[in-house]
Amino acid sequence: MSVRPYREIHRRVSRQIFVGNVPVGGDAPIAVQSMTNTLTSDPKATVAQILRMEEAGADIVRVSCPDEDSTRALKEIVRQVHVPIVADIHFHYKRAIEAAEAGAACLRINPGNIGSAERVREVVKAAKDHGCSMRIGVNAGSLEKELLERYGEPCPEAMVESGLSHARILEDNDFFNFKISVKASDVFLAVAAYHALAEACDYPLHLGITEAGGLRGGTVKSSIGIGSLLWAGIGDTIRVSLSADPVEEVKVGFEILKSLGLRNRGVRIVSCPSCARQGYDVVSTVAILEERLAHITTPLTLSVIGCVVNGPGEARETDLGVTGGGGGNHMVYVAGNPDHKIDSAAMVDHIVDLVEKKAAAIEAAKVKLSAE
C-alpha cells in the first residue's frame, strides 16, 4: 500500500555519523537507544542487562563511567555484547579518555560539567585516536553558570547556544563525527530547543525528554515530546528515559517509531478497548498475545477486535486479524479477507501459530530474494 500524503514525514536533512557500526543521521533508520542502570563496575550484571536490551531491539546502549573501576570494566563489557556502547562521562574528562581506550564506540560529554576547553580537546584527541564518535549532551538541569546568569533560567536559546558553542570547539579541533542533544524534563522547553537547534545546524540530533518519570507517566510524556519532534521530521536517534527497566525504554522507543511508520519491528497489534459487544475477552487475549509474540522481530500487523462493528474494517488493513463472533465462534482474516472461523478455546494458540508461520514465510522470501 502506498503512503498516503497525510502520513508522510519529511525528515530533516542531516549529515551522517557512525556509532560503532550503526549509522546515525542522513537517510539511516532512526536508532533506538537505552542506558543501563547497573553498576558499570559490575561487568556481569551490566552485560546481562545489555543482552536483554539487545533482545528487545536496542541499536545502541549507553553506560555510565563515573570512576576508574567503571572504565576498567568497560573493556570486558564491550567484548561480550553486540551493540555499540556509549560511555557517559560527567565531571572527569580522564574517564572519557579511558573509555575511548577501553573500546567505547561513542563518548557522551556534558559541556556544562566536563571542564575547560583544553580538557575537551584532550577528549577529542582520544576520540580521534580510537575511532569514537561523540555526543554533545546539553541538559537544562546542568547548563553553564554563565548562560544561566545571562538568560536567567534554562530556556531554548541558552540550550542551543550551549550546544553550538561546544560544537565549535570540536570543529576547531577538526572533529565532526558527533551528534547533539538538548534535553529537558519540560516537554515545551525540550521541543522548542530541538526545533531551534534543527534550524541552526545540520548535525544529527539525539532526542529525549530527560527525567520523564515512571513507566506510565514517562511513556506518555516521552511520546508527546519525542513523537511531536519526529512528526516534524526532527531526530536521528532517540532514548526514552524512564524510571523503569531499561528494556521498557527500548520497547516504548520502538512503539513511538512504529506508530509514526518510521521503524517496523515485530508484531503491531491493533486492538479495541472492548465493551459489552465483545465475543471474547479482548483485554486478556491481547495481553497473552503480546507476551507470546514478543520473540517475533519480523514486521507484521495483527488486528484483535471483539465484535463485527469495527472488526472487518480493521482486518482489511492488517496482515492477520480476528473478529469476535457469536457463540464463541470468531472470524479469522488473512491478508484482509475473511478466511476461516476458530472457537474461543483454540483461538490464542491458533493466532500465535499463524503469526509465526507468516513471519517465517516472510523471512524465507527475503533469504530467497537476496540469493537471486
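The values are calculated or read from the model by the stated rules, or taken from the named source; none is laboratory data. A quick note: this is a predicted structure, and the numbers were derived from the prediction, not measured. Positions of Cβ are generated from backbone atoms using ideal geometry, with glycine treated the same way; all protein chains shown enter the neighbour counts. Accessible surface is based on the protein model in full, side chains and every heavy atom, while ligands, DNA and RNA are left aside. Shrake-Rupley method; radii C 1.70, N 1.55, O 1.52, S 1.80 Å.
Overview of values
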quantity: Three-way shape call for the stretch 271-326 based on the alpha-carbon gyration tensor, with the a/c threshold at 1.5; calculated: oblate
quantity: Percentage relative contact order, the stretch 27-72, counting C-alpha pairs under 8 Å, at least six apart; calculated: 48 percent
quantity: Neighbourhood net charge (15 Å Cβ-Cβ; Lys/Arg +1, Asp/Glu -1) for residue 220; calculated: -2
quantity: Carbon plus sulfur fraction of accessible area for the chain, probe 1.4 Å, in percent; calculated: 53 percent
quantity: Net charge, residue 190 excluded, C-beta distance under 15 Å - Lys, Arg +1, Asp, Glu -1; calculated: -1
quantity: Between the stretch 290-325 and the stretch 79-133, the Cα center-to-center distance that results, in Å; calculated: 45 Å
quantity: Full-extension gain in nm, residue 368 to residue 176, via 0.36 nm per residue minus C-alpha separation; calculated: 65.1 nm
quantity: C-alpha long axis of helix 215-231 to longest principal axis of the chain, angle in °; calculated: 80 degrees
quantity: Global geometry of the stretch 325-367, whether rounded, prolate or oblate, following the gyration tensor of its Cα atoms and the 1.5 cut on a/c; calculated: oblate
quantity: For the stretch 79-134, accessible area per residue (1.4 Å probe, heavy atoms of protein chains only), Å²; calculated: 41 Å²
quantity: Helical mean residue ellipticity (222 nm; -39500 (n - 2.57) per DSSP H run of 4+; nearest 500) of the chain; calculated: -14000 deg cm²/dmol
quantity: Cut-off under 5 Å, modelled amide H: who pairs with residue 19 long-range; calculated: 24
quantity: Angle between the chain longest axis and helix 344-371 axis [Cα atoms, degrees, rounded to 10]; calculated: 60 degrees
quantity: Fraction of beta bridges assigned by DSSP in the chain that are antiparallel (%, nearest 5); calculated: 25 percent
quantity: Rough spin-label spacing in nm, given labels placed 7 Å along Cα→Cβ, for residue 259 and residue 116; calculated: 4.8 nm
quantity: Assigned charges on the beta-carbon of Lys, Arg, Asp, Glu; the chain dipole about Cα centre (debye); calculated: 480 debye
quantity: Which of 66, 87, 197, positive extreme of dipole for the chain (C-beta unit charges); calculated: 197
quantity: Diffusion coefficient, µm² s⁻¹, Stokes-Einstein with Kirkwood Rh over alpha-carbon pairs of the stretch 83-168 at 10 °C and 1.306 mPa s; calculated: 121 µm²/s
quantity: Proximal lysines to residue 221, defined as alpha-carbon separation beneath 22 angstrom and excluding residues fewer than eight positions away on the same chain; calculated: 183, 251, 258
quantity: Cβ-defined net charge surrounding residue 199, 13 Å radius [Lys, Arg +1; Asp, Glu -1]; calculated: -1
quantity: Size of electric dipole in the stretch 210-312: Cβ of Lys, Arg +1 and of Asp, Glu -1, about Cα centre, debye, nearest 20; calculated: 240 debye
quantity: Helix 43-56 vs. the chain, principal-axis angle (Cα, 0 to 90°, nearest 10); calculated: 50 degrees
quantity: Dipole magnitude of the stretch 103-257 about its Cα centre (Cβ charges: Lys, Arg +1; Asp, Glu -1), debye to nearest 20; calculated: 320 debye
quantity: Separation of alpha-carbon centers, the stretch 12-57 and the stretch 143-199, rounded to whole Å; calculated: 22 Å
quantity: For the chain, convex hull volume per residue from C-alpha positions, Å³; calculated: 156 Å³
